[in-house]
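Trainee: The structure is given below, and queries will be raised subsequently.
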Amino acid sequence: MFKWFGRVNHAPHTKVAEFAQHLREGRLMASRCEACGHVSFPPRADCEACLHGAFTFVPVSGRGTLHTWTRITAAPRGFEDVAPYTLGLVDLEEGGRALAWIGASVPESSLAIGMPLQVTPRLHEDVEDIRVDYTLESPKGATA
Amino acid sequence: MSGRVGIVGIGHTPFGRRSDATVQELAAEAFRAALADSGLDRGHMDAVVVGSVPEYHKQRSLPGVVQEYLGLTPKPTWLTEAACASGSAAIRTAWMSIKAGVHDVVAVIGCQKMTELETAEILALMGRVGEVQWESSFGSTFPGYYAMFARRHMHEYGTTREQLTAVAIKNHFYGARNPLAMFRKEITAEKANASEDVATPFHVFDCCANADGAACVILAAEPRARGLRKPPVWLSGMGCASDTMSVLRRPSLTGLGSAQAAAAQAYAMAGVDAKRVRVADVHDCFTIAEVLAYEDLGFCAKGEGGAFIAENRSYIGGSTPVNVDGGLKAKGHPIGATGVSMTTEIVKQLRGDAGERQVPDADVGLTHNVGGIGQYCFVQVLTRDE
Ligand SMILES: [Zn+2]
């Protein structure tokens, strides 16, 4: 089911594939190591702290602040039709980061490093296949 | 082998669109020039290490083809890949093989023919430069990553758009004076700022260009390195380190941890500090990358890279002249050839052979070759005998 993740997916097979099912149901999940308890976002099958190989999914809030951003004009394959689009990188309150598009609730003129943003699951219904990802939305405008 | 490893020959093709040659023909141009420069002949080569990024060629398994074309079979050959740092990775591999006492004389050929790919293939490759599971799925691009570094550096340290442009202006100023460079024209701020957006805050003129080309260095163990056509230039400090592939796990976006670590190793091995470096070739794949390099290599303090270029301190006559061959920006960036090209430039400078681009009293030089967005970095400190 990880093939659902992203507009273009290059890595459909992964031990954290259930992430996409959770995302489809509106939940943003991190991994928690069963040995040391370390929480990682994006989730990892193998703990980044101790390299233990067993984990469980745990929900995270998706609250974060903008670390940096860029508006991409020269787009790669699969994104030519949707350029320009704006990528934001957020530092998450519970640790880790997310890279995603800045969502419709955040006008580009309002972008400022340090501003609060909400990582918000998104289900694309405008394409035939199931597509899930997340966007960075204004905490007020977030729908999750 | 506890002795030093010297560079005894260099060769370099013109960089640019080379519709006249295959990649092995480019390799032959650089290798033949390096042989002539050294006074050795090809029978003296114990091995050939090729630095290249295979996905940019139609030809797969390049070292086999190059070795055959150069008539060097059955001598050993292999490929070294570390993205845009493949050339310096190949030099490090050759250096290690000599230090280990396995080989005495090794040729390193960095070569790349990027313009043979179709636009569609390039677009597809562009879409997989980042970490593909969590980043490429959102349409991240190579300029996009460095653009995010730039915006964060501007935010933390007040680096300006004008300072980034000043890097491009400097590198084109020197590219105009390098007969091997792809772009041999000076540029103005007006022209740079009028170029198309790529990934804000970058325009086209913040980015280096894909190119074709090859460069070659011949390395020899210390006793062998002496008494050849030209005095050897020594690989006195060799640093190599890594940082995360993913910006999601990268501790800092305002410097490359790999470059800082590699520089510390190279300075320690050579017994010099940053102030002792008289000339440097650094990895300016994007304008901000050169600013980060000033700081990561210790040419200025953290956060002062913007002022460093604004005050012309990286021009000849400044405290540390940087990329006086035009850098990737004006010379072009045939990925696998780039690191080897950097080393050839510093050898020229240390020999006093750089012509109108010669840095006075250049006796200690440095190269800084970065792979990807900093997941690999190789730093060399080069010296000559007095
Ligand atoms: Zn653990």
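Trainee: Being within 19 Å of residue B:137 (Cα to Cα) and buried (at least 19 other Cβ atoms within 10 Å of the Cβ) is the filter here; which residues of the range A:87-113 pass it?
Mentor: Those that are within 19 Å of residue B:137 (Cα to Cα) and buried (at least 19 other Cβ atoms within 10 Å of the Cβ): A:87, A:88, A:89, A:90, A:96, A:97, A:98, A:99, A:100, A:101, A:102, A:103.
Trainee: Show the residue pairs that are 6+ apart or on different chains and have beta-carbon atoms under 7 Å apart, the first residue being within the range B:202-214 and without any contact (Cβ under 8 Å) to a residue 24 or more places away in the chain, the second being surrounded by fewer than 24 Cβ atoms within 10 Å (Cβ to Cβ) and assigned to a helix (DSSP H, G or I).
Mentor: Pairs found: B:203/B:192; B:203/B:193.
Trainee: Hey, any hits in the range B:193-209 for a residue that's within 30 Å of residue B:44 (Cβ to Cβ) and not β-branched (Val, Ile, Thr)?
Mentor: no
Trainee: How many of the residues in the range A:15-24 are away from the ligand (no atom under 16 Å from the Cβ) and in contact with a strand residue (DSSP E or B) (Cβ under 8 Å, 6 or more places away or on another chain)?
Mentor: The number of residues fulfilling the criteria is 6.
Trainee: While we're looking at this one, here's another question. Cβ contacts < 8 Å: first residue at the interface with chain A (Cβ under 7 Å from one of its Cβ atoms), restricted to the range B:131-148; second residue surrounded by fewer than 24 Cβ atoms within 10 Å (Cβ to Cβ) and charged (D, E, K, R), any location; separation 6+ or different chain. Result?
Mentor: Hits for this filter: B:136/B:128; B:137/A:7; B:137/A:133; B:138/A:7; B:138/A:133; B:139/A:7.
Trainee: I would also like to ask the following. Which one is nearest to the other protein chains (Cβ to nearest Cβ) among residues in the range B:197-213 that are touching a helix residue (DSSP H, G or I) at 6+ places or on another chain (Cβ under 7 Å) and under 12 Å from residue B:332 (Cβ atoms)?
Mentor: Filtering the range B:197-213 for residues that are touching a helix residue (DSSP H, G or I) at 6+ places or on another chain (Cβ under 7 Å) and under 12 Å from residue B:332 (Cβ atoms), the one nearest to the other protein chains (Cβ to nearest Cβ) comes out as B:207.
Trainee: Further, regarding this structure: Conditions first: (1) more than 17 Å from the chain's Cα centre (by Cα); (2) open to solvent by 70 Å² or more (accessible area, probe 1.4 Å); (3) within 14 Å of another protein chain (Cβ to nearest Cβ). Residue B:194 passes all but one, so which condition is the exception?
Mentor: Going through the list (1) more than 17 Å from the chain's Cα centre (by Cα); (2) open to solvent by 70 Å² or more (accessible area, probe 1.4 Å); (3) within 14 Å of another protein chain (Cβ to nearest Cβ), residue B:194 breaks only (3).
Trainee: Examine the range A:5-14 for a residue that is within 16 Å of the ligand (Cβ to nearest atom), free of Cβ contacts under 8 Å to residues at least 40 places away in the same chain, open to solvent by less than 30 Å² (accessible area, probe 1.4 Å) and not polar (S, T, N, Q), and state whether such a residue exists.
Mentor: Within the range A:5-14 (the criterion being within 16 Å of the ligand (Cβ to nearest atom), free of Cβ contacts under 8 Å to residues at least 40 places away in the same chain, open to solvent by less than 30 Å² (accessible area, probe 1.4 Å) and not polar (S, T, N, Q)), the answer is no, since none of the residues qualifies.
Trainee: Given (1) under 12 Å from the mean Cα position of the chain (by Cα); (2) charged (D, E, K, R); (3) surrounded by fewer than 24 Cβ atoms within 10 Å (Cβ to Cβ), identify the lone condition not met by residue B:384.
Mentor: (1)
Okay, residues lined up against (1) over 21 Å from the mean Cα position of the chain (by Cα); (2) under 17 Å from residue B:46 (Cβ atoms); (3) of a type in the set (Gly, Ala, Ser):
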site	(1), (2), (3)
B:70	yes, yes, no
B:92	no, yes, no
B:100	yes, yes, yes
B:112	no, no, no
B:119	yes, no, no
B:123	yes, no, no
B:130	no, no, yes
B:133	yes, no, no
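Trainee: Wholly within the range B:41-128, which helices (runs of 4 or more DSSP H) include no fewer than the required count, namely at least 1 residues that are open to solvent by less than 10 Å² (accessible area, probe 1.4 Å)?
Mentor: So the answer is B:62-69, B:86-99.
Trainee: Also, I was wondering about something else. If I filter the range A:101-110 for residues that are within 14 Å of chain B (Cβ to nearest Cβ) and part of a helix (DSSP H, G or I), do I get at least one hit?
Mentor: yes
Trainee: At least 2 residues that are open to solvent by 10 Å² or more (accessible area, probe 1.4 Å) and closer than 21 Å to residue B:237 by Cβ in each: list the helices (runs of 4 or more DSSP H) lying fully within the range B:281-374 that qualify.
Mentor: Counting at least 2 such residues, we get B:287-296, B:335-351.
Trainee: Among what's in the range A:21-75 and is within 14 Å of another protein chain (Cβ to nearest Cβ) and of a type in the set (Asp, Glu), pick the residue that is least open to solvent (accessible area, probe 1.4 Å).
Mentor: Filtering the range A:21-75 for residues that are within 14 Å of another protein chain (Cβ to nearest Cβ) and of a type in the set (Asp, Glu), the one least open to solvent (accessible area, probe 1.4 Å) comes out as A:46.
Trainee: Let me ask something additional. Can you pull out every residue in the range B:254-272 that is open to solvent by 30 Å² or more (accessible area, probe 1.4 Å) and without any contact (Cβ under 8 Å) to a residue 60 or more places away in the chain?
Mentor: B:260, B:264, B:268, B:271
Trainee: Is there any pair with a first residue in the range A:30-53 that is near the ligand (Cβ under 9 Å from one of its atoms) and a second that is among the aliphatic types (A, V, I, L, M) and part of a loop (DSSP other than H, G, I, E, B) whose Cβ atoms are under 6 Å apart and which are 6 or more apart or on different chains, and what are they?
Mentor: From residues that are near the ligand (Cβ under 9 Å from one of its atoms), the pairs are A:34/A:54; A:36/A:49; A:38/A:49; A:50/A:35; A:52/A:35.
Trainee: Assess whether residue A:53 counts as being assigned to a loop (DSSP other than H, G, I, E, B) and at positive phi.
Mentor: No.
The values are calculated or read from the model by the stated rules, or taken from the named source; none is laboratory data. The model shown is predicted, which means the values in this text are computed figures rather than measured ones. No Cβ is skipped: glycine too gets one built from the backbone with ideal geometry, and neighbour counts run over all protein chains shown. Accessible surface areas use protein heavy atoms only, side chains included; no ligands, DNA or RNA. Shrake-Rupley method; radii C 1.70, N 1.55, O 1.52, S 1.80 Å.
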